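Notes follow the structure.
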Amino acid sequence: MDIAKHYDAIARCNRCGFCQTACPIFRATGHEAGVARGRLALLRALIEGRIEWSPELQEPLFACLLCGACTAHCFPAVATADLLAAARNDYLDKVGRSRLHRLLFHRLLPHPRRLRLAARAAALGNKTRLTAVAKALGLLRIFGRDFPRAVEIVERFPPQAFRDRTKPGHLDGRGDRLHVAYFVGCGMDIMAPLAAQATLDLLKERAKSVTVLDNCCCGLPAETYGDRPAAQKLAAKNLTLLTSAPFDLIVTDCSSCAAFLKKYPTLFPEADPLRKEADKLASRTRDVLQFLASAPVLARSGQDAAHLIVTWHDPCHASRGQKLVKEPRELLKSLPGIEFRELPEADWCCGGAGSYALSHYDLARKVLDRKIDNLVKTGASALVTSCPACIIQLGYGVRLRRLPIRVCHISELLAGT
């Protein structure tokens, strides 16, 4: 990938500054280099040869959340997030890749079982206090500049991953039509297994059959870090699994996975045979928010249905990535005993952004603090979303403030768990 090919798109930025009003990083820092027009000016200078590629570019290129808020407020609709992902790819090619990311993208993410074993080792480290010892010795910095502090974001690892107890395979449903494939995201599998189980229960209620897939990572982490070849390999592996099976729909409960599966065609040139397969996959992919939007009202049998004040956080990959804004709100409002209250700045990024806090903990905290301030204003007793990274980040914010608020996936609320 060569960022110079995108010069015309970059030059469409008219430097009006409207991106400042919506950029969480700019609102946290006030620095011009942290807003879209500043980053686009940097890319233009690189293409024009006014600055050279160097390690010093890592911070301005990788400090963006890639939330897409700038594009939503941009009159020429410059896709800054996509352009920065392309620039990150060039940075890795010209400056170099870290061994840690090669391990993650090429050795762990393509193999779900290995990834679960790595998570189990991390959980064991937390339980036996090995993490605290490693932190004291400064060993955790190899995982990211701010990893010693960011490790606290995850309160605990679930004792068992979803696919450890629910093996991939075919399950009969109670619906009268639709053969559905359940694409299990890495975050849902490892960090939110109870929410994944709730999703599976909902799918079985609506579909004639559900196949729990043995898929690997969708490839989004590699793509956002700038490793396009790794993202293509992960996508190709999933395409081999998905395009040969006669599923009516592929459903996932991670909005980030859903958005990226729908973008698979952009990973391959038109002449590549995988492009046609990616088009087919994208056309059959549904976020669980879409799939359940027409579902009947479900009684919340597993919890007190008398009265629950609920608010909704829009994951960036749901609201801007897929334009799914109305669907989750209508689902929540349809539940008995629910009082829905709109969250101020609901579509602002929470600062989760995958592994963003590992190298930008302070910025992630500032973005999170603004989100939690708005959450407090709602008086809600439950904060609901559809992204495991958001659930982890928002849960951390709630714990820091010691707020009596449940943070959960929408599937859990709909299934009454």
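Table for the structure above
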item	result
Mean separation of Cα contacts under 8 Å, 6 or more apart, over the residue count of segment 324-417: relative contact order %	26 percent
Residue-normalised accessible area of segment 163-262, expressed per residue, 1.4 Å probe, Å²	35 Å²
Given the chain, longest segment not containing exposed loop trypsin sites (Lys or Arg not before Pro) (DSSP; at most 11 other Cβ within 10 Å)	178-322
Potential extension, ASP164-GLU48 segment - 0.36 nm per residue separation minus Cα distance	36.6 nm
Hz values of 3J(HN,Hα) by residue in segment 344-351 - Karplus curve (6.51, -1.76, 1.60), Gly and Pro given as x	x, 6, 4, 8, 6, 4, 8, x
In order through segment 65-74: 3J(HN,Hα) via Karplus (6.51 cos²θ - 1.76 cosθ + 1.60), integer Hz, x for Gly, Pro	6, 6, 6, x, 4, 4, 5, 5, 10, 9
Area of ILE3 that stays accessible when all protein chains are in place (1.4 Å probe, Å², to 10)	10 Å²
Sorted largest first, extent of segment 229-355 alpha carbons per principal axis (Å)	56, 34, 21
Amide proton proximity set for THR211, modelled H, under 5 Å, gap of 5+	LEU171, VAL180, ALA181, TYR182
Gaussian network model of the chain, springs between alpha carbon atoms under 10 Å - residue of ALA192, ALA207, ALA278 with greatest fluctuation	ALA207
Accessible area (Å², 1.4 Å probe, nearest 10) - GLU345	60 Å²
Stokes-Einstein diffusion coefficient of segment 235-292, Kirkwood radius over Cα pairs, 37 °C, 0.692 mPa s, in µm²/s	287 µm²/s
Above-threshold pairs, the threshold being 20 Å between Cα atoms, out of LYS94/LYS263; LYS233/LYS280; LYS237/LYS276	LYS94/LYS263
Fraction of accessible area attributable to carbon and sulfur, segment 300-417 (%, probe 1.4 Å)	53 percent
Protein accessible area in segment 147-239, 1.4 Å probe - carbon and sulfur %	51 percent
Gap separating the Cα centres of segment 244-274 and segment 169-237, nearest whole Å	12 Å
Per-residue ³J(HN,Hα) for segment 219-225, Karplus 6.51 cos²θ - 1.76 cosθ + 1.60, θ = phi - 60°, Hz, x for Gly and Pro	x, 4, x, 5, 5, 5, 6
Accessible area (Å², per residue) of segment 334-380, counting only protein heavy atoms and a probe of 1.4 Å	39 Å²
Among GLY351, GLY397, GLY49, residue whose mean-square fluctuation peaks in a GNM of the chain (springs only between Cα atoms under 10 Å)	GLY49
Solvent-accessible area of THR285 with every protein chain in place, 1.4 Å probe, in Å² to the nearest 10	0 Å²
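The values are calculated or read from the model by the stated rules, or taken from the named source; none is laboratory data. Here the structure is a predicted model, which means the values were calculated and not measured. Note that each Cβ is placed from the backbone with ideal geometry, even for glycine, and that neighbours are counted across all protein chains shown. Surface accessibility is based on the protein's heavy atoms, side chains included, excluding ligands, DNA and RNA. Shrake-Rupley method; radii C 1.70, N 1.55, O 1.52, S 1.80 Å.
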